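Structure, as structure tokens:
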Amino acid sequence: MAPGGKSVVDILEVSAGPKEPQTAAQESIPKQIPILGLSDIVIFPGMIAPLLIESAEGGQLINDVVAGNRYLGLVLQKNAEAENPTPDDLWEHGCLARIQKMVKGPEESVRILIEGLERFKIKHYVTLEPYLIATLKVLPVKAEDSPEITALIRTARKQFERIAELSSSINEEAKLAILKHENPGLMTDLMVGNLNVQLDDQQSLLETCSVKERLNLLLPLLSREFEVLKLGSKIQKDVSAAMSKSQRDFFLREQIRAIQKELGETDPTTSELNSLREQMKAKGLTPEARTVCLKELDRLQRIPSSTAEYTVARSYVEWLIELPWSQSTPDKLDLDTAAELLDAQHHGLTKVKERLLEFLAVIKLKKHLKGPILCLVGPPGVGKTSLGMSVASALGRKFARIALGGMRDEAEIRGHRRTYVGALPGRIIQSLRRLQSNNPVILLDEFDKMSADLRGDPASALLEVLDPQQNANFTDHYLDVPFDLSRVLFITTANWIDPVHPALQDRVEVIELPSYTQTEKLLIAKRHLIPHQLSEHGLKKSQVKFGNPVIKRLISGYTREAGVRQLDRQIASVTRKAAKHFATRSRAKPITISNQWLTDKLGPDRYHYETAEIINDSGIAVGLAWTPSGGEILYIEATQLPGRGNLILTGSLGDVMKESAQAALTFLRSQAVALNLKIENVDKQDIHIHVPTGATPKDGPSAGVAIAAALASLFTRRRIRSDVAMTGEVSLRGRVLPVGGIREKALAAFRSGFKTLLIPDRNRNDWREVPDEVKKRVKVHFVKQVSDIIRLSLLKWLV
């Protein structure tokens, strides 16, 4: 390769004829020789090899050498990637060579045929431009003759002969020429040139002048090359033998089949197929499935059992036979027992339990009822998934859970077609085969978190699954035979119903699971969570005692959620620390968890709920908001300041909430006279509305009445009652429109100490869902107009 790294060795051939290269003694060598760097080959004396020079500098060097005495020095580069090698990039030792032939190629490329002559060592470089020129010292070969040298030469020849027998790259002519060579030094050089040896090892051999030392370096390389070729030959033989064995086994199986046929015996494949036929008869397949199965069994009879097609067809037949076409689990129809089981495993959830008991009652009266499709919607941690297992226990049916979260492939529901390698049925058919029942309870978890991509939309595949009028003939792509899913009780769960496809919403019966109240969480912790965690951590009830105040602090101070999942984790943390206490003390006394113990072990409270405060100024109102973790109270603050009539809104408010504030202000300005509001100098006063906890994003229309009340208080200079909280949307006509989350908002108001609650009149029905303990302690007013809000919330005297 020429300097600059742009040249490559096109072909490497070694001529090992009986002629030896001319030595320095035979021919006069110039004092100064051009140096050509090589990146991927080491030239030895006696080698004849073609080189391809592609760089402009290398081309100029070759032209000058050919025009002169045709001598040049070939030196290996230390860095093969060096584009313009300097003296520091080259080794000191190289090989003196003579150009035998030169052929010019396209684009300044040059092909040369060189002959290696002598080893040399560079004394110093004379010039660096346009190419390297150096003075050399030719290294004479140290001729040695001893019994040890003779033994080394014989060993090297024997090893090389064994290598030549295994290697396809060494032809017979080269092999004989090398083995019969009388010059031991030249013989070692030619051996190296015909071996697959690392460049560093080749350079070491080139730098070694002593024939004895060179042979000692060469023998390990010969041994390694022989072992590599031997291993490669063994691998090739094993592969060929495996292929031959496969063909041999095929012919032998055919012969065995022919012999068994002549003797009247049945082969194992026939026995296996007969067994599958017997299983098919006992399974009670549908007529269509039976026809397809018999057709596949007949085809298996004609296919050699050693083929891949046989395995695929046999797997398909096994899937058909092993499905529960007529197998079902008898239902437990004792309504009282089912009600007791549901009550024991889940606190509250009255609507869900009532709906399931209704389903049981109908089954009891009508045996063959298509399963309803229930969708449990609620915040995380309220027990949607575990409720599915409780339903299966109450009905006495088998249970399977299919996680839909993140599913984006339609084949997960409907299966893959058999034309694909490794095809399988969908998750529903797989669950039925595993359960061996055609009427289980299948929970489709995280119903609202499916997505779609180029592989299809799982929601579209569920349209047939979740339609009681269509799923009696559900066809999986793999089976390609209808299977009746009408007896399966499907229960889906979701945190939100809005992301679910409208067509799927139409197919399910939505049952909303509300968030738990603090009292309900207290009962759940005492009845379920604490006993479970004590048992899981090897503790007895008598060893660790939880008081109600401690549990309430865990609920309010260390968790903020609608369900009880975080509460369960906090209780587990407490029991782990208690377990460590008992494990490190042999006679530890029972622990009574106290507030101080919680502070020491779990740290200070992590959450702080807003509480009712005494309002001492105008322009402040208390609104209510719904969050996934329950209800919250919001303090709305409004003030006036000199300006240009702008409305300033702060507190990380969303677009809907900003529009609510604008609507409330517009209504109050338009009805200022009717409402006795003193709104003066509108163009010279800015109004600033702020909702504290600005780092938390807020949005929605339900703070409209609170904003209107805060503005009315600001304009009239009358304070709002400190014990009043409110929620509702405001229209431009001053109507109070209904909002959602009344139950959670009422709980938040109750928890924060508010005594009076103002909610839209059209939310009367939602008030029925509020727990009785809240109804007893919180007085509610149903309002229709903003004027009602002003009348009920503002005090009569001025600030």
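The values are calculated or read from the model by the stated rules, or taken from the named source; none is laboratory data. The structure presented is a predicted model; accordingly, all values stated were derived computationally and were not measured. In this analysis, Cβ positions are derived from the backbone assuming ideal geometry, glycine residues included, and neighbour counts consider all displayed protein chains. Note: areas computed on protein heavy atoms with side chains; ligands, DNA, RNA excluded. Shrake-Rupley method; radii C 1.70, N 1.55, O 1.52, S 1.80 Å.
Flag: T150 matches the condition of being hydroxyl-bearing (S, T, Y) and loosely packed, with under 12 Cβ neighbours inside 10 Å. Take the conditions open to solvent by less than 30 Å² (accessible area, probe 1.4 Å), in contact with a Ser or Thr (Cβ under 6 Å, 6 or more places away or on another chain) and not in a loop (DSSP other than H, G, I, E, B) and apply them to L758. Does it pass? When the stated conditions are applied, L758 does not pass them. If F582 passes every condition in (1) open to solvent by 90 Å² or more (accessible area, probe 1.4 Å); (2) farther than 23 Å from I555 by Cα but one, which one does it miss? Tallying (1) open to solvent by 90 Å² or more (accessible area, probe 1.4 Å); (2) farther than 23 Å from I555 by Cα, F582 fails exactly one: (1). Just one of the listed residues (E520, E561) is of a type in the set (D, E), surrounded by 15 or more Cβ atoms within 10 Å (Cβ to Cβ) and in contact with a helix residue (DSSP H, G or I) (Cβ under 9 Å, 6 or more places away or on another chain), namely E561. How about the range 159-180: which of its residues are open to solvent by 30 Å² or more (accessible area, probe 1.4 Å), touching a Leu at 6+ places or on another chain (Cβ under 7 Å) and among the aliphatic types (A, V, I, L, M)? Within the range 159-180, L166 is the sole residue that qualifies.
Beta carbons closer than 7 Å, at least 6 apart along the sequence or on distinct chains, pair a first residue in the range 484-499 that is closer than 13 Å to G388 by Cα with a second that is outside any loop (DSSP other than H, G, I, E, B) and of a type in the set (S, T, Y) for T493/T385.
In the range 614-639, the residues that are at negative phi reach residues that are open to solvent by 70 Å² or more (accessible area, probe 1.4 Å) and not charged (D, E, K, R) with C-beta atoms within less than 6 angstrom, at least six apart or across chains, in these pairs: S618/V799. Among the residues making up the range 617-642, those that are more than 20 Å from T693 (Cα to Cα) and loosely packed, with under 15 Cβ neighbours inside 10 Å are L641, P642. Only a single item in (1) assigned to a strand (DSSP E or B); (2) open to solvent by 20 Å² or more (accessible area, probe 1.4 Å); (3) within 16 Å of S39 (Cα to Cα) is not met by D88, and it is number (1). Consider the range 200-256 and keep the residues that are modelled with pLDDT of 80 or more and over 25 Å from E161 (Cβ atoms). The one that is least open to solvent (accessible area, probe 1.4 Å) is Q203. Selection of the range 289-325 for residues being charged (D, E, K, R) and either open to solvent by less than 70 Å² (accessible area, probe 1.4 Å) or farther than 21 Å from S437 by Cβ (or both) yields K295, E296, D298, R299, R302, E309, R314, E318, E322. Elements of the type strands (runs of 3 or more DSSP E) sitting completely within the range 656-753 and holding at least 3 residues that are open to solvent by 10 Å² or more (accessible area, probe 1.4 Å) and without any contact (Cβ under 8 Å) to a residue 12 or more places away in the chain: there are none.
Which of the residues spanning the range 299-352 are acidic (D, E) and free of Cβ contacts under 8 Å to residues at least 24 places away in the same chain? Once the filter is applied, which keeps residues that are acidic (D, E) and free of Cβ contacts under 8 Å to residues at least 24 places away in the same chain, the range 299-352 yields E309, D334, D336, E340, D343.
Looking at the range 199-216, is at least one residue touching a strand residue (DSSP E or B) at 6+ places or on another chain (Cβ under 6 Å), under 17 Å from F44 (Cβ atoms), assigned to a loop (DSSP other than H, G, I, E, B) and among the hydrophobic types (A, V, I, L, M, F, W, C)? Yes: one or more hits. Name the one entry in L598, L602, L534 that is surrounded by 13 or more Cβ atoms within 10 Å (Cβ to Cβ), within 30 Å of L341 (Cα to Cα) and either out of contact with any Gly (no Cβ under 6 Å at 6 or more places or on another chain) or not charged (D, E, K, R) (or both). Exactly one of L598, L602, L534 is surrounded by 13 or more Cβ atoms within 10 Å (Cβ to Cβ), within 30 Å of L341 (Cα to Cα) and either out of contact with any Gly (no Cβ under 6 Å at 6 or more places or on another chain) or not charged (D, E, K, R) (or both), namely L534. Within the option set D467, D448, being open to solvent by less than 40 Å² (accessible area, probe 1.4 Å), under 17 Å from G405 (Cα atoms) and not in a strand (DSSP E or B) holds for one residue only, D448. Candidates are the residues of the range 326-351 that are open to solvent by 60 Å² or more (accessible area, probe 1.4 Å) and in contact with a Gly (Cβ under 6 Å, 6 or more places away or on another chain); the one that is modelled with the lowest pLDDT is K332. Comparison of E165, E118 shows that the only residue that is over 57 Å from the mean Cα position of the chain (by Cα) and either under 30 Å from D64 (Cα atoms) or part of a helix (DSSP H, G or I) (or both) is E118.
Yes or no, residue by residue, for (1) out of contact with any His (no Cβ under 7 Å at 6 or more places or on another chain); (2) more than 24 Å from L221 (Cα to Cα); (3) among the charged types (D, E, K, R):
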| site | (1), (2), (3) |
| --- | --- |
| G68 | yes, yes, no |
| E92 | yes, no, yes |
| L96 | yes, yes, no |
| Q100 | yes, yes, no |
| L113 | yes, yes, no |
| I153 | yes, no, no |
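Taking the criterion of being loosely packed, with under 14 Cβ neighbours inside 10 Å and not in a helix (DSSP H, G or I), the only residue of the range 273-288 that qualifies is G284.
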